[in-house]
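Structure record follows, encoded as structure tokens.
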Amino acid sequence: MRRKLIAGNWKMHGNLVDNEALLHGILAGMGDVKAGVAVSVPFPYLAQVKAKLAGSRIAWGAQNVSQHAKGAYTGEISAAMLNDFECKYVIVGHSERRAVYGESDQLVAEKYAAAQTAGLVPILCVGETLEERESGVTEAVVARQIDAVLAKSGVISLANAVIAYEPVWAIGTGRTASPEQAQAVHAFIRGKIRGLDADVANNLVIQYGGSVKGANAAELFVQPDIDGGLIGGASLSAEEFLAICRAG
């Protein structure tokens, strides 16, 4: 049976003082959490998170990674650099990276491959905009995004990866896909992978991301193909994040 994974994405939030309090609160409430838990934080705070979480049940990771191993790429962070901070996970292809910074499916596939080459576990984000959903092309969009990664790295690479389905229209908007809507896309993703490799599909962790809160987490996570969540704003409150983690 797949274990649930709840991963907090702090986005561009936090400072040393607030992070310390947030991490302390999360650690203090982990006693009755059964799901796997991770936090993905801005690059400057990886050292702080490593120091605070080392030896705990909580893993940590980054929110982005360069597709390049090294070189003249000012401002970029390589996968090897993330390894120096003992990151386990790195988010690739988040909808904000795709929309705000113009990251293409091909670039996301290259970042995914770079992460895995360095031994990191990529959390591959896929999902459709409101316009795409209303046009009835959700599955085509998600399939295209996944196909770029499969073409680059192959289906077996998903044995060491996580997929996060995040409907763009439900991120930070307060709108959440219904459990049935979310499950339908998760089932589509798993079915697509099952057509290539049943073992990989059966063990693949597929998270849901999109305005998950303590109040709606349980009804989402009980769905058969939803294996936890990629949590944005709610991960900035220890109480709310722990409520979500307990629902897993």
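Over all pairs of different C-alpha atoms in the chain, the reciprocal of the mean inverse distance, the Kirkwood hydrodynamic radius, equals 17.9 Å. When the Cα atoms of segment 188-248 are aligned to their principal axes, the ranges along those axes come out at 40, 18, 15 Å in descending order. With the simple spin-label model, which puts each label point 7 Å out from Cα in the Cβ direction, the ASN203 to LYS88 separation comes to 1.6 nm.
Hey, what's the Kirkwood Rh for segment 1-124 if you take every pair of different alpha carbons, in angstrom?
15.1
So if I place +1 on the C-beta of Lys and Arg and -1 on the C-beta of Asp and Glu, and nothing else carries charge, what would the dipole magnitude of segment 88-154 be about its Cα centre? I want it in debye, nearest 20. Display every interim value, and only then the final one.
Values: 7 positive and 10 negative charges, 79 e Å.
In debye, rounded to 20, segment 88-154 gives about 380.
Here is the tail figure for segment 116-165: Cα pairs spaced more than 12 Å apart come to 65 percent of all pairs.
Going down the table (LYS50/LYS213; LYS4/LYS213; LYS34/LYS192), which pairs top 20 Å between alpha carbons?
Working: LYS50/LYS213 26 Å; LYS4/LYS213 16 Å; LYS34/LYS192 29 Å.
Pairs exceeding the cut-off: LYS50/LYS213; LYS34/LYS192.
With viscosity set to 1.567 mPa s and temperature to 4 °C, compute the Stokes-Einstein D of segment 119-219, Rh being the Kirkwood radius across alpha carbon pairs; µm²/s, no decimals. Don't skip to the end; give the middle numbers.
Working: Rh = 14.0 Å.
Estimated diffusion coefficient is 93 µm²/s.
Over segment 5-247, what is the relative contact order in whole percent, taking alpha-carbon pairs under 8 Å and six or more residues apart? Write down the numbers at each step before the final one.
Values: 444 pairs, mean separation 51.8, N = 243.
Computed value for segment 5-247: 21 percent relative contact order.
Between ILE156 and THR74, the simple label model (points 7 Å from Cα in the Cβ direction) yields a spacing of 4.2 nm. Dipole orientation for the chain: of the candidates GLY136, GLY172, HIS24, HIS24 has the Cα lying most toward the positive pole (charges on Cβ; Lys, Arg +1; Asp, Glu -1).
Bear in mind these aren't lab numbers, they're just calculated from the coordinates by the rules spelled out. Note that the coordinates shown come from a computational prediction; the quantities given were computed from them, not determined experimentally. FYI the Cβ positions are ideal-geometry reconstructions off the backbone, even for glycines, and counts take in every protein chain you see.
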